[in-house]
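Some notes on the structure that comes next.
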Amino acid sequence: MAVLEVFDLVKTYNEESNYPVHAVNHVDLTIEKGEFTAIVGPSGSGKTTLLNIMGGLDQPTQGKVIIDGKDISFLGENKLIDFRLHHIGFVFQSYNLIPVLTAKENVSFVMVLQKTPKKERDLRAEALLKEVGLEDRMDSRPAQLSGGQQQRVAIARALASKPAFVLADEPTANLDSKSATNLLDIMHKLNREEHMTFIFSTHDSRVIERARRVVTLVDGKIASDVRQDVS
Amino acid sequence: MLARIAWRNIWRNRVRSLILLSSITLGVWAGIFMLSFSWGMSIQYVNMAIKGQISHIQLHHPEFKAEKKIDFAIPQASVVVDRIIEMEGVQAASGRTITSGMISSPVAGAPASILGVNPEQELAVTMMNDNVVEGDYFPAGRKNQILISEKLANKLKVKLNHKIVLTLQDVDGNITAGAFRITGIYKTRNSTTDELNVFVKSSDLSPLLGLNEGELHEIAVLLKEHVELAPVYYQLKSDFPTLLVEDWRTLAPELRLVVDSFKQNMYIFMSIILLALTFGIINTMLMAVLERVHELGVLMAIGMNKLSVFLMIMLETVYLAVIGGICGLILSYFTIQLLGKTGIDLSAFSRGLESYGMNTLVYPALQNNQYLEIFIMIFVAALLSAIYPAYKALKLNPVQAIRKI
Ligand SMILES: Nc1ncnc2c1ncn2[C@@H]1O[C@H](COP(=O)(O)OP(=O)(O)OP(=O)(O)O)[C@@H](O)[C@H]1O
Ligand SMILES: [Mg+2]
């Protein structure tokens, strides 16, 4: 079952100018439920742009984005925010968390937005933080956590809303290799045990090695799309 | 959750928030203090005029004031005065005979407003004895005593114990005159009325005017402290339907203006102060929003809707303004309580004030409902200053915001 489909996606910056930038150039891509996909490519190849459009953060110049069978191209701004809240989990490169909230409150926050009852919220936030190995740091604020721990909280938060898939733009870019490996371990585990779909961009070859599917972008086009066996 | 985030956000930049809070507190305090000062001065002025001159309520024959003819006297007024003195809430009442005439010394003459009083009653209402600077306030015994002001004495070139002559018209229109001995010289803060008013006993004046026993022109009523004016006023109206009963607001519209214009000035003055504070708040909150662009972008990306973002920034601003405002209110409350008891001595600058008939000790004061009104003004200012920063946050584009670190 496809959780995400994009058809003939184009994003052109500076369309009117003499030097338009085709950040995403006629991309077709289907992501099945439970896939663990890395989007790779050189800097400026359009990874962030593609992820932003797939996450409903940015509007494509042309093409369609279908998430959970719903075409999001026609959603208005407020509908789109609500759609993201219920269907997509986000992990950004850094500074993902609300600095004034504790780890647990950060995870609960999306469920507050979803109007989940408090009891359920607390249970789920605690369970998710346990899964990412932060059961003893629940009441720490982001500033008291390491970069790797912060990214693990961000993953727990992304999962809290029970999204169709998690989008992560270079989640390990600011981490040392040990933390990066640890983060990948957690993503793998969640992928295996919870069948959570992950789509993430990366530069890091050690991270690429661990993706089951690797989509390579060059100049906004898909240059290759391979599946590989990983341990 | 929103409230909690907003609250904690305030304390992220403790120094900045404290600076803003202090400036709001001080601004509100300074504003309220100025107001209480001028309100204190106003009510002092009004009270002084009420106690020293016009009293709370006056009763006349309905036509007396327009015609100023001595025929329009209150019949059996002394009985009326006695009844009023017995009334609830009344501190004192004084009956007066009033006419105008000429006062002349061997060397000069001047127009005069002649007030015939019952010395004890008048003393209780206007405390006229306090103003006597030479001689005595109607010493016992002798007939035809007169109390004139220092200013008039100088004008007439007369001294204590000299004799002067009052020339006036009696009820039948005949000119009569009486010789009076100056037994006292007074001086009040109001130099314009001083020059005109001379006081004699009504028992000496009435026969000269040919008035009947017990007839008076004016009854001045002074109320006890903190007694509401309205009930006594309406009681008098219903007890003496044939008389014209007026309270100080009608008797002295200029005093009423002092009170009314204060209210107006209060709004204008507070608005100016709050406007200045509003710009400070907007500036700080705008800074707070702009340095959190990335974070706000993340919030919108993960599904916080625009209304919530807007509300969060509004809440932060309102918290700051309301806390600062409340601190300012509390601070000013205690300042006013303290200085309202001790008073502020303005004697160094008082020359000017005294000629306006004002006291040199000012007791700052403010009414409870004025505190409330000011609080509401602060709250409205807080809401207004919150709108722009919150609107700015609303206009953020999450994609661009997230790309910004
Ligand atoms: N807002 C924008 N306006 C104009 N051009 C843009 C904008 N955002 C991105 N681009 C251009 O689009 C292209 C793709 O950018 P994008 O950020 O998607 O690349 P990327 O693969 O994520 O790069 P990196 O690996 O460095 O993060 C680049 O050439 C970039 O300069
Ligand atoms: Mg990128």
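So what is the calculated 222 nm ellipticity per residue for chain B, using -39500 (n - 2.57) for each DSSP H run with n of 4 or more, over all residues, to the nearest 500 deg cm²/dmol?
Mean residue ellipticity, 222 nm, calculated: -18000 deg cm²/dmol.
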Sites B:D170 and B:D260 - FRET efficiency at Förster radius 35 Å, r taken between beta-carbons, to 0.05: 0.25
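Counting only other chains, and only Cβ atoms inside 10 Å, what mean value do you get across the residues of A:97-105? Please list the in-between numbers first.
Working: counts 2, 9, 6, 10, 4, 0, 0, 0, 4.
Across A:97-105, the average partner-chain Cβ count within 10 Å equals 4.
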Among B:L361, B:L223, B:A177 the positive-end extreme of the charge dipole of chain B (Cβ point charges): B:L361
message: Could you tell me the calculated FRET efficiency between A:V10 and A:N174, based on Cβ-Cβ distance and R0 = 41 angstrom, to the nearest 0.05?
response: 0.85
- request: Mind computing the radius of gyration and Dmax over the alpha-carbon atoms of the range B:1-144? Å is fine for both.
  value: 28.1, 91
- prompt: Working from the pairwise distances between different alpha carbons, so that the mean of 1/r is found and then inverted, what is the range B:62-242's Kirkwood radius in Å?
  reply: 17.0 Å
Debye log10 I(q)/I(0) at q = 0.07, 0.10 Å⁻¹ for the protein assembly as shown, Cα point scatterers: -0.63, -0.92
message: Can you compute the radius of gyration and Dmax for the range A:1-46, using only the Cα atoms, both in Å?
response: 13.5, 42
- prompt: Pick from B:N305, B:N265, B:N118: which residue has the top mean-square fluctuation in a GNM of chain B where Cα pairs under 10 Å get a spring?
  reply: B:N305
- line: Between the Cα axis of helix A:147-160 and the main Cα principal axis of chain A, the angle (0 to 90°, nearest 10) is 80 degrees
message: I'd like the projected area of the range B:270-340, averaged over all directions, using the convex hull of its alpha carbons. Report it in nm² with one decimal.
response: 5.8 nm²
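Computed over the Cα atoms of the range A:109-224, what is the ratio Rg over Rh, Rh following Kirkwood? Walk me through the numbers before you get to the answer.
Numbers: Rg = 15.2 Å, Rh = 15.2 Å.
Result for the range A:109-224 is an Rg/Rh of 0.99.
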- request: Please sort A:135-145, A:215-225 by packing, taking for each peptide the average over its residues of neighbouring beta carbons within 10 angstrom, highest first.
  value: A:215-225, A:135-145
- request: Kyte-Doolittle cut-off 0.0, length cut-off 30 Å along the helix's own axis using Cα: show which whole DSSP H helices in chain B pass.
  value: B:14-49, B:253-290, B:306-342, B:368-394
query: If amide H atoms are built 1.01 Å from N in the plane of the peptide, which residues on other chains or at least 5 residues away come under 5 Å of the amide H of B:H162?
result: B:I182
- prompt: Can you give the Kirkwood hydrodynamic radius of the range B:44-92 from its Cα pairs, in Å with one decimal?
  reply: 12.6 Å
query: Can you list the lysines whose alpha carbon is less than 21 Å from that of A:K178, not counting same-chain residues fewer than 8 positions off?
result: A:K130, A:K189
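From the P(r) of the range B:195-339, can you give the percent of Cα pairs sitting at distances over 25 Å?
Cα-Cα pairs in the range B:195-339 separated by more than 25 Å: 65 percent.
Within 10 Å of each Cβ in B:302-313, how many Cβ atoms from other chains are there, averaged over the peptide?
Values: counts 20, 17, 8, 7, 3, 2, 3, 1, 0, 0, 0, 0.
Neighbouring Cβ atoms belonging to other protein chains average 5 per residue here.
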Selection from A:V226, B:N47, B:V80 lying farthest towards where the dipole of the protein assembly as shown points positive, charges on Cβ: A:V226
- request: Quick one: check the C-alpha center-to-center distance for the range B:269-344 versus the range A:206-223, whole angstrom.
  value: 49 Å
message: Lysine pairs in the range B:62-242 with Cα distance under 22 Å, only those 8 or more apart or on different chains: how many are there?
response: 21
- request: Please report, in debye to the nearest 20, how large the charge dipole of chain B is about its Cα centre when each Lys and Arg carries +1 at its beta carbon and each Asp and Glu carries -1 there.
  value: 2400 debye
task: Starting with the highest mean, order B:144-153, B:281-290 by the number of other Cβ atoms within 10 Å, averaged over the residues of each peptide.
output: B:144-153, B:281-290
query: Once both labels are modelled 7 Å past Cα along the beta-carbon direction, what's the B:F72-B:D130 spacing in nm?
result: 3.2 nm
query: For B:S22 and B:K155 in one chain, what is 0.36 nm times their gap in residues minus the Cα-Cα distance, to one decimal in nm?
result: 42.1 nm
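What per residue convex hull volume, in Å³, do the alpha-carbon atoms of chain A yield?
129 Å³
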- prompt: Which whole number gives the average, over all residues in A:85-95, of C-beta atoms from other chains lying within 10 Å of the residue C-beta?
  reply: 3
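Would you please classify the overall shape of the range B:84-170 from the alpha carbon gyration tensor, given that a ≥ b ≥ c denote the square roots of the eigenvalues, rounded means a/c under 1.5, and beyond that prolate means a/b larger than b/c while oblate covers the rest?
Values: a/c = 2.40, a/b = 1.74, b/c = 1.38.
Here the range B:84-170 falls in the prolate category.
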- line: For B:K395, the aspartates and glutamates lying under 19 Å Cα to Cα, once residues fewer than eight places off in the same chain are dropped, come out as A:D58, A:E77, A:D82, B:E291, B:E295, B:E316
statement: For A:D136 and B:F375, extending 7 Å from Cα along the Cα-Cβ vector and measuring point to point gives, in nm, a value of 4.9 nm
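In square angstrom and rounded to 100, what buried accessible area do you get between chains B and A, total over both, with the probe at 1.4 Å?
What B and A bury together is about 2200 Å².
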query: Just for the Cα atoms in chain B, what are the lengths along the principal axes, largest first, rounded to whole Å?
result: 102, 46, 30
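The values are calculated or read from the model by the stated rules, or taken from the named source; none is laboratory data. Only a predicted model underlies this, so the values are computations on that prediction, with no experimental measurement involved. Virtual Cβ from ideal backbone geometry, glycine too; neighbours counted across all protein chains shown. Keep in mind that these areas ignore ligands, DNA and RNA; they rest on the heavy atoms of the full protein, side chains included. Shrake-Rupley method; radii C 1.70, N 1.55, O 1.52, S 1.80 Å.
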